[in-house]
Each structure stands twice: as structure tokens, then as C-alpha cells.
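These notes are about the structure you will find just below.
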Amino acid sequence: MSDPQTPEPRLSPPPHQPNVPSPVASTGGPAAAAGPAAALAAPAGAPVVPGTAPAPGAAPALPQTGPDEVALLIDDRPVVVRKGTTVLQAAEKAGILVPHYCYYPGMSIAGNCRMCLVEIEKMPKLQIGCATVAAPGMVVRTNNERVRGVRAGIQEFLLINHPLDCPICDQAGECRLQSYEKDYGRGFSRFAEEKVHFPKRYDIGRSVLFDAERCIKCTRCIRFCDEVSQSHELALFSRGDHAIVGTFPGRPLDNPYSGCTADVCPVGALTWKPFRFKARVWFLKNVPSVCAGCARGCNVNVATFRNRIHRMTPRVNAEVNTYWMCDAGRQSYDTLYSRPRFERPIVRGLPDATVEQALDRAAALLRDTAKTGGKESVAAIVSARLSLEDHYMAKRILGELAGITRLAVPPHEEGEDDHLLIRRDKTPNARGAELLGLGAPSSGRVREILDDVASGRVKGLVVVGEDLLDLAGVAPATLDRLEALIVLDAWKSPTVERAHVAIPSCGYGEFEGTMVNFQGRAQRLRAALRPPGEADPAWRILRDLGRRFGLTSEYATAQAIFDEIAAKVPAFSGLTFRALGDLGAPVRGAAVPGAAGAPGTVA
Amino acid sequence: MAFEPLLTRNIHRPGSESIDVYLAAGGYQGLKRVLKEFTPEKLVEEVKASGLRGRGGAGFPTGMKWSFLPKGREKPRYLCINADESEPGTFKDRLLIEKDPHLVLEGIIASAYAIECHTAFFYIRGEFHQGYRTFEKAIAEARARGFLGKNILGSGFDLEVIVYRGAGAYICGEETALLESLEGKRGYPRIKPPFPAIVGLYGCPTIINNVETLANVTLIAERGAAWYAAIGRPPKNTGPKLFCISGHVKRPGVYEAPLGIPFLELLNEHAGGMLHPSRPLKAAVPGGSSMKILPASKCDVLLDFDSLAAAGTSLGSAGGMVMDSGTCIVGALLNLARFYAHESCGQCTPCREGTGWIVKILSRLERGDGRPEDVDRLADIAFRIEGNTVCPFGEAIAWPVDSYVKAFRDEFEDHARRHACPMRAGA
Amino acid sequence: MSLPVRPETDRRIDDLLARFPQKGSALLPALYLIQEETGWVSEASMEYVAGKIGLSPAFVSGVVSFYTMFHRQPVGRQHVQICRTLPCALRGADALMAHAAKRLGVKDGQTRADGAYSLASVECLGACDRAPFVQINDLEFGPVDPSGLDDILKRLE
């Protein structure tokens, strides 16, 4: 049910991983260390954010507020918030985390878990913080004995029918029931009856599995499907303690964002099938990055264990993807493991070639082809899936130093832009290629080059990050006409197999770099994996190729290249890796009107 | 004590549900009077002055509830009549709907006039098949005679009344659950605030009133607030009341009396006293199953809102249930606990999980499988539900559990200790 | 695709859609119309009515499962409902229920194999002064004792 007063809380985004509640400071922590007065002001167990504890002594005075603001006291801590902000959100701003299950930013308020009940002066009953709008002068207590007692009671109720699945549940380690039991619960069970039983391991959808016993009926998943993906597959059935989430027979949970239901599920009721039983979350190493599945570049966490990506989950970015990502993007790393890789350079006629040998041969082939056929007989096809650094080096090495004037970027489009995140343009850096002078993706220009290859006018072709045989209407025989086919790619594609020289480059998650999304926002991708064998980022391979053409600049790191881009390309002036940070920054003058700002439902 | 029947004045007339009988007995005069002599605002004040309090269970002053409507008219206003009577022990609205629908309808029209609403929804529980047919017929009759529709009695006031059937959910008697059901959804109570008077049906300002409450508005329309306020126990407990009494009594039924009659008078004079002469009164619940129980020693009380509140219980829906000495209190509580577990909508944690837990403990106690910690556990669970739920259903389960255990603790402990029901064991 | 209801019912549901300020309200009355005609609410009916109103089938199914009066399986020609709540229990409803189960040869919540009877214990029907109270389809009887129930059933057969 919707709350007509849902505000737009453009406040701090929720915790890094949406399902992990922030830890509560132990009593021996900063509160005690700050001295007795501060320890009194911050009740035991309340998280203390350094610098926000009130000054010892006098009763806290309420600060001045603007016309659109409200000042209130939460645990004796004064906080000023925008009108319409809820007590839960105001508490977060004050550095106090009120535990909750059913509230989720970006969706309507349900108010059913009752975990966020807090005491508000002058109100005899406790009130739920998620739905109570902060009023001027309100005095809120989130952590006194009465509130703690009620919270322990709610925890107990949630656990009485909850199965003891922790040892086999994927949610372990990022489960709110677990964390809250530790922080707020009684610590032992008084329930000695038969639990209510529901189907477990229920195949609720293409990519999501449902354990109905674990469900706490918070309805986050239902609200997601109704309000965000707007696909309406989920509903609540029956009532009382037999109430349960379900689908209509024959209409499974099957929308392009179904994985987000597993994200929002605070317990292990909804799990993402590809991740089930793969790794315990506390072993995962999380690296903030950006998805490379389409032109939006949703912000993500790439989670690895033993040098293998085990999952990708969305990271909050109000401008790009708010709280969500699509299923295709979520599994976009799959190809790292499903497609065959090659780890050492392939040079025709030279088994066990080293990278140096491969680069020598490549340079020689390019020079020879240009000499016999003329400059126009060598062309390059550069992928829009590559990073800005890759593109910059492609322009610099292939374009300027090797003298290749014909450069084309193949488009990859599929479907349509949808109402939420998915873009028709499946390349993550088309705007980057354009901004750096490689030109926008153009099937026309690619076709011209390939026609000239077929007719024999183009005899040498450098392909960076594309499988030409994947492009429409390219026959293998066409490639066989080439005298010099030099390919840089991550996987052993049919194009790689036909190359005269093929050098392995990095796949997703194996390189540092930047990309520009369709909104004109530059974002950083981070390396989460060690690339296999001799694989290197394309920019480094191109740089070393450039050495064979007289390149002297060092270009030691991706950052160094980006710094040069910022210096030389006006659109990027003023930007640095540090400035881009985890959330990226708009590129000057590159914003697409109407595309900036968050898509879909923003709350 | 002779008392002029007011709400029940017609029910014994043959054909009392027809408009002809109603008119012949002086019906719709009240409506004529208020349409002619009162502005809507004046009528609201009149109802306030009468002291009328809601007859559905909460006892909230009706005029005050009406005055919570916002001043603006950007959104239409709605009146919903709560005919979802489902509180165990309560059957008074059924009586009015089936036997004197026009008494209710006249009050609906007058109230709609007072709050300036032009569409009213009569939400009737699905099981009241007869009531549904009767009320639809009454509406058709009223429309045919110009009491409904456009320009009622030449007043310029328009009103349509639409009957909407519930489908078997006690929770839909809760105001906001009723609205959800009316909107075609699961009957889940809403988070309050906002309250229905501000954001109600379809997001518009809405008043929900009980059937009997609206029948009382007819009386006020007929004879005015001053007359009404003199009945019962003024100033805070005014008007006539339909009292239900059932269980171990000779003449279970609905009895009209002024607010404030002694419970023992209702029991012994109206209901004929205890059913079995050899089994004296053990306990009574005066206000419907959700209200706290009174052991026999505490049954010397007056039946009005404030007296019962002072006695530690509540008038509620005036659904009086009487239990004699042959009643196992644990079994009685188990029966009610099963009711609440079955009717819990399941929306919020304490009620959803707690009602089931209570049933399981009571079941064990009842069948002789009790444990020493059970009795305290029951009281503790009730304590942890009360006050922490979305709607008063939490109190509806917590109050019985809390009060039955408090008033009859020995009986509960006996069950736990003996591993048997002392009554069945012939103790 | 053929309608799961008669055209006349389909038209009446169309009327409902126009009757309420918001279409969603048409759901409960539409479900009643469907159940009146077919005796229960099938999955096909749920999909049909969902399409008519513009709701998802999952939502409609969730609503149907919430309310006890919507049958998701066919019920017997005589749907015998015996109140079990306290005021009726105090006057012998448990014994009446046991008797009914034996007499009809079905358990609480079951439909007899020949489709003649369904038996269900239901919550308070709001007729506590006539306890024990019984409802069969939309006919009401109370107070009913075991022999009284036998008489009623005989008359209905």
C-alpha cells in the first residue's frame, strides 16, 4: 500500500551492500573513550558516528531551521532534516541506525515488520520510524529499555517460525535476522512448538529460487515487482501465519530485473540461482565497479573469491541506476567462464610465441601491408566495449603512429530502452569512443571496411575487442582474404582463430579503466581479478605495439593515460581518477538532455 | 424499568423492513426535518451535542469524527457504513439490517447530508445474505420514493448508496481494512496517520460509521440532541444501546436499554438469568470477544463506555458473552485464540506470529501437554503484541489472553500441573 | 479464447467496471458473479477477471485466497457451515460438528465424493443468540441440535 507522503530522500545512500545493516558500536568503543559525559549522552549500544555526539552538560538545544526544514532530537542528538523526512531517515542522518526489515529506499513504505518502533515523547504508543514524518521539536528515543524490549520481542516473533537454515543458507553473513538477533535479540529461543511449514526450494522464476519458510513477509519483493520492475508477478496469498509470497500458476517471476528481488530480500527466502552455494559471503572480496553490459553502466559490486567472480550486485548511484541492476548485467561476467580464453599470443607459423615476438610480427605485418597496398589498405575496427584508455591508445597508436586512417566502431544494439535501466545500446563506452575521436558506432563505416576487405582493397585489419564473425553478414572467407589480420581480444573467438597475430587482452573485471555512459558520465571500472596467462589490458598491448612505431611516452598506468586524456581532451578537463571516485562524474558538455538524473522510480 | 423502545421500535411489526410500514410508523420524518432546518455544519454540531459515541467498538464521539474532515472540496467525500459485524458475541447490526433497514438508511442519508458526501458505501459482511437482499430492497424503495438519488425531497442534496459485500474476513471490520477491501484488495489495515477522514477511500476524505451508530443519527434527527443527550448516563455515555447477550443464558438475544444499565439487570431481567440453575455465573465478557473478561465477582458493573473502562474492560460492540461454572476457561480462551489466528490478516509481525504461537501453547494446555512456563509465556506473548501492531487486532488478541490468565490463573496453572483439563477430569 | 463465464455475466461485470469511482473495486463483486454462475473461482476465471479489470493474475489470486467465501475448488451442492466460535461452542457447537461429520461422512473442510455436501466449521456468523448456528448455502438455521440438523438435511435432500 502506498504512502501518499513518501518523500524524496536524497540523503545518504543505504549501506554499501543493501542487505547488510551497519554494525552497532560496542559499549567499549568510541562512546566510552570520549569521556563520561559523552558516554551518558550516547546510550549503550547506539552506533556513534565520531563528531556527532552532543557536547556534554546542557540539554541539547534545537538548531535554527530554514523554511523547508525541521529540527528534532533523536537520542538527545539534534538533527535538521528536510520537511517530509521520516524519523527513520532523520535518525540515519544523525548517525543512528534504527533496525528495520520492510523499509527499502526507492519503494513504498509498508510498515509491517514493526522492527523500527521507537519512542516519541507525548505519544503513548511506540511509533514506526519508517512511516512517521519528523515534526518540529520531536523528541525521539531509539534505544531505551522500552524500545529495546519491544525490538527483542519482534525479533523473537520473526524467529519462531523461521527455519534454522543458517548452515545452508546463502544469506548467512549478510542476513538481517542474523545481524539483528546478535544486536537486538534475546539470543535464545523460547518457542517449543511445531513451526509452520512451507515449500522450500520453490522454483519461483527463471533465475530466482524461493524458500517460503524463510520468508518474513516484509513484502519488499512484491513492492519491487509492482513499483520498480512493474511486472506484477508476485503477490501475498492466504492470511495469518499461513500468509506467503507466491506467483500465479504459469506466470513465474520472470522480469528483466528479477535478481533485485534477491537483493532486497532481507533473509534467504529469495536467492539468485547462479550464486546459490557458490561461496560464503564473508569470503568474498568486493570491488566497486561498473557493469559493462550496456550503455548505462550500472554501478556494481564485483565479488570475487579465489580469483573468480561469484556475483555482481548493484551499488547505489542516484544518477545512474538508483538501487537496481538488470539480470543480464548481473550475469554479464558469465562469458569470462563460458567462452574459451587464450592465454598466450597466437602467431601464425610461430608456435609458443612470446608477446614481444607477437608485437614484432604485428608491427612488421602492418608496415609491409601499408607499403605494398598503400595507407588506405590498412584499417582498424575498435570495440565500444573498451575503456577510454584503450580508445585513447587506439587513436594514438593505430591512428597516429601506425597511420591507420580508417577506423570504425561497430554498434551493438538489441531491443529497446526500457522504462527503467536497460539500454538498447549494449556497448558501455560508445560515448567514450565518440568523445575521443574514434567516431560514434556506425554500422555503415564498419560495412564499408568489410566490403573493402571482401573486395581486396583493404588488406590489413587490426581488430580490438570484437569478434567480426559475430557482426551481421560477415563470412569467414572474407577474413581469409586479409594479408594481415591482427586481433586483440579476451576470448578465443573465431576471428582470433583466423588471425595472423592474436594477443590476449583482459576480460571484464581484469583491468582498471574508465568508461562514459549514455548520460555522458565518466565512471571507473576496477580490476577485481588477475588476468589469466599473458592477458593484458588492450591499452598496454597497444602501447607496446606503439613502441615499434616510435612511441616514447611512458603510459605506465591507466591513470596516467586518463590524466593525459583530461589534459588533452577539453570535455574531460578537470577530471581525475580521484575525482571520479566510486560514483563517477559528468563529462563536460557531453550530457544528453533528459537522460541525466535517475531513471524510473527515485525515492 | 420501563423503557420506550427507540432503535427496536419497529422490529416486531410485520413487514417492518418495508418502507410502507416504516413510513406508516412515522419514518423519514427526521430526515425531512434536518434537510429543512439544518445546514450540514449545524447537523454536525447537533450530533456532537448529542454525545453519540460510535457503536462499532471504539466508542469514538461521532460528531468529533465527522469534524475531522478537511475543509477543502477538491476531492469527493465518502461515507462507508460498517456492516461487517463479525465480533464474536455481536449480532445487533444484523437485527437492524434485517428488521428495520430504513431506520439505518434514514440515518445514513442524514449523516451523508451532514458531511456533504454524495456516495455512500454499505459494506456488509458476505455471510449476511438475507441482510444484503433486504438492504438492497430498502435502497430501491427509498430511491423510488425520492429519499435517495438526485435532489432528495427537493433539498438539492444528492446521494447514492451502493451495497458492497465483504467475503469472509473479520479484519475487514477494521476501518482501513474495510477501505482496502472496498478498493478490491486484500483487507490489510493501513498505517495511520493519515486517518481516513483525511485520506480514506480512493485517497479521499472518508467517514466510516457503524450501522447502529447511524440508526442513532435517525433518532437525533427526529428529536434533537438535547432529548438524546438526556438518555443513558450523560454527558459522556448518552443514548439508547442495543445490548447483545449470548452463551449460558435462558434468553439470548438483543435487548435495547439506555446506556448504563447494570450488567446483572441485562442478565437476570432481560435474558432470563443463567441457563442452568445449578451452574452459577463464572465469568462474562461484556463487549465482544476482544474485550477483557470479568470474573463473576466483578460483574456488578454498569454497561456504558466509561464504567466498563473503569472496571478494566470495555463496552466494545456490546457483544455480551456469559459463561457458567461448567466452562473451562482455558478451553474458552483456546476457542477464541483459534478465531484470532484464523482471522489475523498476517500483515504485521507480532500478530501474525503471535496468534499462532498462542494457539499452540493453549492447545497443549488443553490436551494435557502443558509445561510450567506456559502460563507466564502466554502473558508475555500478549504483552509483546499489545501496542506494537498496525491495527487494534493486536489488542483484540492480547486483551483476552492477558485478562483470562489474570482472572483465572489457577485454572491455567492447574492445566499445566495436572496435564489434563480439571473439568474434563471431573474435578 | 472462450470466456469462462456466460456472456450475460461478462456484461454484468462490464457494468461493475463503470459503477465504482475506481475500477479495482469491481473485483469482489465480479468474483461473486463468477462464483454465482460457476460455483467456484477457477484459475481461468482469475485470469479472465484480472484482464477485465487491469490487474495482474497474481494479485487477483492473492485476493481470492484472502477471503474465506471465495472457493478455489468446487464445493458440494449443499455447503454446510457450522459456526465454531465461543458463543456457539458454549451451546454445543462442537458436538454438533462431530455429529455432522459422522452423518455426512466427511471431515471438516472436505467435500463428499458424490459432490452432494461440503462441511466446514466457520467463524462467528453473527447470530450468537441462536446458537448453535448453521448456514447451508445462503439458508440460515439456529438454534440447531444434532437431531435438528438431521431434520434439516432430510428436508434438503
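The values are calculated or read from the model by the stated rules, or taken from the named source; none is laboratory data. Please read all numbers here as calculations on a predicted model, not as lab measurements. So basically every Cβ, Gly included, is an ideal-geometry build from the backbone, and we count neighbours across all protein chains shown.
One table, with the values for the structure above:
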{"read-out": "One residue from A:Asn301, A:Asn307 being at positive phi and either surrounded by 23 or more Cβ atoms within 10 Å (Cβ to Cβ) or away from every other protein chain (no Cβ under 14 Å) (or both)", "value": "A:Asn307"}
{"read-out": "Residue match in the stretch C:31-52 (condition: within 30 Å of A:Ile244 (Cα to Cα), at the interface with another protein chain (Cβ under 8 Å from one of its Cβ atoms), among the hydroxyl-bearing types (Ser, Thr, Tyr) and buried (at least 20 other Cβ atoms within 10 Å of the Cβ))", "value": "no"}
{"read-out": "Looking only at the stretch C:107-157, and only at residues there that are within 16 Å of the chain's Cα centre (by Cα) and polar (S, T, N, Q), the one that is nearest to the other protein chains (Cβ to nearest Cβ)", "value": "C:Gln135"}
{"read-out": "Residue in the stretch B:280-301 that is under 30 Å from B:Gly26 (Cα atoms), within 14 Å of another protein chain (Cβ to nearest Cβ) and not in a helix (DSSP H, G or I) present", "value": "no"}
{"read-out": "Residues satisfying the stated conditions in the stretch B:50-71, i.e. surrounded by 17 or more Cβ atoms within 10 Å (Cβ to Cβ), more than 17 Å from the chain's Cα centre (by Cα) and closer than 24 Å to B:Gly232 by Cα", "value": "B:Ser50, B:Gly51, B:Gly63, B:Trp66"}
{"read-out": "B:Gly394 vs. criteria surrounded by 24 or more Cβ atoms within 10 Å (Cβ to Cβ) and not assigned by TED's automatic domain parsing to the domain that holds B:His248", "value": "yes"}
{"read-out": "Output for the stretch A:215-263, where each listed residue is of a type in the set (A, V, I, L, M, F, W, C) and within 14 Å of chain B (Cβ to nearest Cβ)", "value": "A:Cys215, A:Ile216, A:Cys218, A:Ile222, A:Leu234, A:Ala235, A:Leu236, A:Phe237, A:Ala243, A:Ile244, A:Val245"}
{"read-out": "Within the stretch A:426-438, considering residues that are of a type outside the set (A, V, I, L, M, F, W, C) and buried (at least 21 other Cβ atoms within 10 Å of the Cβ), the one nearest to A:Gly509 (Cα to Cα)", "value": "A:Pro428"}
{"read-out": "Close pairs from the stretch B:189-215: first among the aromatic types (Phe, Trp, Tyr), partner not in a strand (DSSP E or B), Cβ under 8 Å, at least 6 apart", "value": "B:Phe195/B:Phe68; B:Tyr202/B:Glu183; B:Tyr202/C:Pro21; B:Tyr202/C:Gln22"}
{"read-out": "Selected residue (only one of A:Leu284, A:Leu386, A:Leu359 is more than 19 Å from A:Asp467 (Cβ to Cβ) and in the same structural domain as A:Trp491 (by TED's automatic domain parsing))", "value": "A:Leu359"}
{"read-out": "Sole residue being touching a residue at least 60 places away in the same chain (Cβ under 8 Å), more than 9 Å from chain C (Cβ to nearest Cβ) and out of contact with any helix residue (DSSP H, G or I) (no Cβ under 7 Å at 6 or more places or on another chain), chosen from B:Lys150, B:Lys137", "value": "B:Lys137"}
{"read-out": "All helices (runs of 4 or more DSSP H) inside the stretch B:324-408 with 3 or more residues being touching a residue at least 40 places away in the same chain (Cβ under 8 Å)", "value": "B:329-343, B:349-366, B:393-407"}
{"read-out": "2 or more residues within 18 Å of A:Pro532 (Cα to Cα), touching a Ser or Thr at 6+ places or on another chain (Cβ under 8 Å) and not polar (S, T, N, Q): qualifying strands (runs of 3 or more DSSP E) within the stretch A:262-360", "value": "A:299-304"}
{"read-out": "Which listed residue, of A:Gly111, A:Gly153, A:Gly185, is surrounded by fewer than 22 Cβ atoms within 10 Å (Cβ to Cβ), in contact with an Asp or Glu (Cβ under 9 Å, 6 or more places away or on another chain) and within 30 Å of B:His342 (Cβ to Cβ)", "value": "A:Gly185"}
{"read-out": "Hey, B:Leu333 crowded, with 24+ Cβ neighbours inside 10 Å and not assigned by TED's automatic domain parsing to the domain that holds B:Asp410 or not", "value": "no"}
{"read-out": "Filter result for B:Arg384 (more than 20 Å from A:Gly153 (Cβ to Cβ) and not small (Gly, Ala, Ser))", "value": "no"}
{"read-out": "Unique residue being surrounded by 20 or more Cβ atoms within 10 Å (Cβ to Cβ) and out of contact with any helix residue (DSSP H, G or I) (no Cβ under 7 Å at 6 or more places or on another chain) when the list is C:Arg91, C:Arg84, C:Arg11, C:Arg77", "value": "C:Arg91"}
{"read-out": "Residue in the stretch B:331-348 that is in contact with a strand residue (DSSP E or B) (Cβ under 9 Å, 6 or more places away or on another chain) and within 14 Å of chain A (Cβ to nearest Cβ) present", "value": "yes"}
{"read-out": "Hits in the stretch B:319-361 (condition: under 27 Å from A:Arg151 (Cα atoms) and among the acidic types (Asp, Glu))", "value": "B:Glu343, B:Glu353"}
{"read-out": "Counted residues, the stretch A:548-578 - those being out of contact with any Ser or Thr (no Cβ under 9 Å at 6 or more places or on another chain), without any contact (Cβ under 8 Å) to a residue 24 or more places away in the chain and part of a helix (DSSP H, G or I)", "value": "3"}
{"read-out": "Answer residue from the stretch B:136-192, given it is in a helix (DSSP H, G or I) and surrounded by fewer than 19 Cβ atoms within 10 Å (Cβ to Cβ) and is nearest to the chain's Cα centre (by Cα) among those", "value": "B:Glu136"}
{"read-out": "Among (1) more than 30 Å from C:Pro146 (Cβ to Cβ); (2) within 11 Å of chain B (Cβ to nearest Cβ) - the single one C:Cys88 does not satisfy", "value": "(1)"}
{"read-out": "Verdict on B:Ile108 being under 21 Å from the mean Cα position of the chain (by Cα), more than 14 Å from chain C (Cβ to nearest Cβ) and not in a loop (DSSP other than H, G, I, E, B)", "value": "yes"}
